[in-house]
Amino acid sequence: MMTFDEIKQNAVAEWESLEQDGIPVIRIGAATSDRAAGALEVIAEFEQELARLKVEAKIVPTGSVGYCNYEPLVIISKPDYPRICYNNVTPDVVLRLVEGYLKEDDPCMELALGTLEGGDDDTPPHIPELPRSEHEFRLLLRNCGFIDPENINHYIALSGYSALTKALEMNPTEIVEEIKQSGLRGRGGAGFPFGRKLEACLKSVDTPKYVICNADEGDPGAFMDRIVLESDPHAVLEGMIICAFVLKSSQGYIYTRMEYPLAVQRLKTAIEQAKQFGLLGDNILGTGFNFDIEVFQAAGAFICGESSALMYSIEGKRGFPRVRPPQSIVSGFRQKPTQLNNVKSFAYIPVIIERGSEFFANIGSDGSKGTAVFALAGKVKNVGLVEVPMGTTLRTIVDDIGGGVADGKIFKGVQIGGPSGGCLPESFLDTPIDFDSLLEAGAMMGSGGMIIMDDDNCMVDAARFFLDFTVQESCGKCVPCRLGTTQMLSILEDIVGGKGKSEDIEQLGALGEDIIAGSLCGLGKSAPNPVLTTIRYFKAEYEAHIQDKRCPALVCRDLITYYIIPEKCYRGCEHCIVVCPTEAIVEHPQRYKVVDQEKCVKCGNCLEVCPPEYDAVVKISPISEVPPGEIPSGEAPADKDE
């Protein structure tokens, strides 16, 4: 078997030859988000055009850079030119790139997003032409979209597994101390110090010990772990192997969901490659240390993201949380000491061991070290992954990196930390992103989901949506969560349905506090958060729904109606009549259109198809404000053409 120095030498030689042998290289993102945008069709078109025009070039499928709004993203490296990134590439423009740039020397800058710079340990890959690059720090995502995740040599050439070789020469207590000094806190949601947890598991006397990676990412709008697994799987494996060496563990598991087929495929490929190179399995790098990893595919129950439910699931039991203590570091999987952490938590370990705890600790804020990775979704221009130093403000993420609210709308709130997180208003945009600041504001870091909402979002309905998710996903084991959240949801449905009562707000608050105090696991203890924070920061909207039977955002169907303004309705247009499924729209004798409120099912089709130059269809709330006498007996409004 080759030594690691020989393995790395070969990997570096392959990596350097990729861009230094005079042949152009075409990197094309091929993660799930890229594929959804048409990346596979783009790859096929490049292969076809290169063959047809007899142009020599290497196509390298990569993971996702995380800039989902720019996908499919293509990066072309050509001798004597910088790496150029092309965004939103479709098969239609492939011929232009092949003929214009690869065959000739026209870089087609009108199609370019910018240049890709960096790509070494000192400077992670970035696009300097994008203003967001000034605010991001791509530490965890440094390889995403830059390397082929199914080629272990790419990872090794960029210092991959160097941390493992360093750790194998260290004492386990030295490794634990290095991680403790880094200040790394778990990125799965709770934010418990990683080093303290590893130390406690090391001190547990029972054996065998297990290492488990929680990759059960089920939050609506969250896709951080999926992109890391699809784009840089070896980083997670290396972190797990290092922790296993500390604990003298021989078996690890990666718990993920069936909905992530590409992530599972790339994890299994990475595991087999690591075994072939002697980095995983028996006698790792000739040290006598044995450790293997199995990928466990789950059915996708949200509750199985909770650590004890997750371990029961792997054991083949129902995914129920259990009472603690004992903690999993003492009695976890199969009642043995278990180190269980999130994907991102394990992926940071190689960086800390390779570059030192001081490097990591110098990034971030006092109580929250390193970087934070968020999945930015919702009503924002630049949807995708964001990685920033801890302590960066919400405003920087939303405005400078996210590009602000989409479609010229006004920022209203941001749901942070998944469905069990909190919803913060515009006044909190200058809040630093770290564990303690977000908890103080009533939200939480969670696993990293961030959903932006604008003035078209009803905050009462948003709270109902997130609570409905947790009610559906509750395991039902404990009464406060099973019945309490169901009762809260029932009250919210009454409010958005126009049946709210004056005492509902107070009752929601009291129920929420009781559920937090009495629930067994983190799901129940955090489920009321969206409701409590929207009451805290958007109470006026609740009062409008209850007292005025009015939805200020014009979202709640039972509190709105559709009305056609006679003065704006063009006589010869019948778009709304054609699309109405219940024939609720009729033509007035004077030829403008009228909505029969008794037949209207509030589908909104009429609003969608009304030509913008007329803008005649509007939503009204409360319903009592609809002008009386929909079909007036008097004269029709003056014709626009007169």
(request) Mind putting a number on the dipole of the range 84-144 about its Cα centre? Charges go on the C-beta only, +1 for Lys and Arg and -1 for Asp and Glu, and I need it in Debye to the nearest 20. (result) 260 debye
(request) Could you rank PHE360, PHE192 by how accessible they are, 1.4 Å probe, largest area first? (result) PHE192, PHE360
(request) Among ASN341, PHE411, GLY378, pick out the residue whose Cα is farthest towards the positive end of the charge dipole of the range 319-413, where Lys and Arg carry +1 and Asp and Glu carry -1 on C-beta, about the Cα centre. (result) ASN341
(request) Could you rank ARG591, ARG96 by how accessible they are, 1.4 Å probe, largest area first? (result) ARG591, ARG96
(message) Taking loop as defined by DSSP and a crowding limit of 13 other beta carbons within 10 Å, which trypsin sites (Lys or Arg not before Pro) in the range 230-335 fit?
(response) LYS317, ARG318
(request) With a probe of 1.4 Å, find how much accessible area the chain has per residue, and write the answer as a whole number in Å². (result) 40 Å²
(message) Please give the charge dipole size of the chain, origin at the Cα centre, charges +1 on K and R Cβ atoms and -1 on D and E Cβ atoms. Round to the nearest 20 debye.
(response) 2440 debye
(message) Taking 8 Å as the Cα distance limit and 6 or more residues as the minimum spacing, I'd like the relative contact order of the chain as a percentage.
(response) 11 percent
(request) Kindly point out which whole DSSP H helices in the chain project their C-alpha atoms 15 angstrom or further along the helix axis while averaging a Kyte-Doolittle hydropathy of -0.5 or above. (result) 39-53, 233-247, 261-276, 343-355, 459-473, 485-496, 504-518
(request) List, in the order given, every pair from LYS268/LYS336; LYS409/LYS593; LYS54/LYS381; LYS317/LYS381; LYS209/LYS344; LYS58/LYS275 whose Cα-Cα distance in the structure shown is over 31 Å. (result) LYS54/LYS381; LYS317/LYS381
(request) Keeping the other protein chains in place, figure out the carbon and sulfur percent of the accessible area of the chain, with a 1.4 Å probe. (result) 49 percent
(message) As a quick test, which of the pairs LYS501/LYS539; LYS412/LYS568; LYS412/LYS499; LYS412/LYS549 have an alpha carbon distance above 23 angstrom in this structure?
(response) LYS412/LYS568; LYS412/LYS499
(request) Apply the Karplus parameterisation 6.51 cos²θ - 1.76 cosθ + 1.60, with θ equal to phi minus 60°, to every residue of the range 210-223 and state each ³J(HN,Hα) to the nearest whole Hz, in sequence, with x for glycine and proline. (result) 10, 10, 10, 9, 8, 10, 8, 8, x, 5, x, x, 9, 8
(request) Mind jotting down a quarter of the surface of the convex hull over the alpha carbons of the range 488-641, in square nanometres, one decimal? (result) 11.4 nm²
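The values are calculated or read from the model by the stated rules, or taken from the named source; none is laboratory data. Note that this is a predicted model, so its numbers are computed, not measured. Using ideal geometry, Cβ is built from the backbone for each residue, glycine included, and neighbour counts are taken over all protein chains shown. Areas reflect the complete protein model, heavy atoms only, side chains present, ligands, DNA and RNA absent. Shrake-Rupley method; radii C 1.70, N 1.55, O 1.52, S 1.80 Å.
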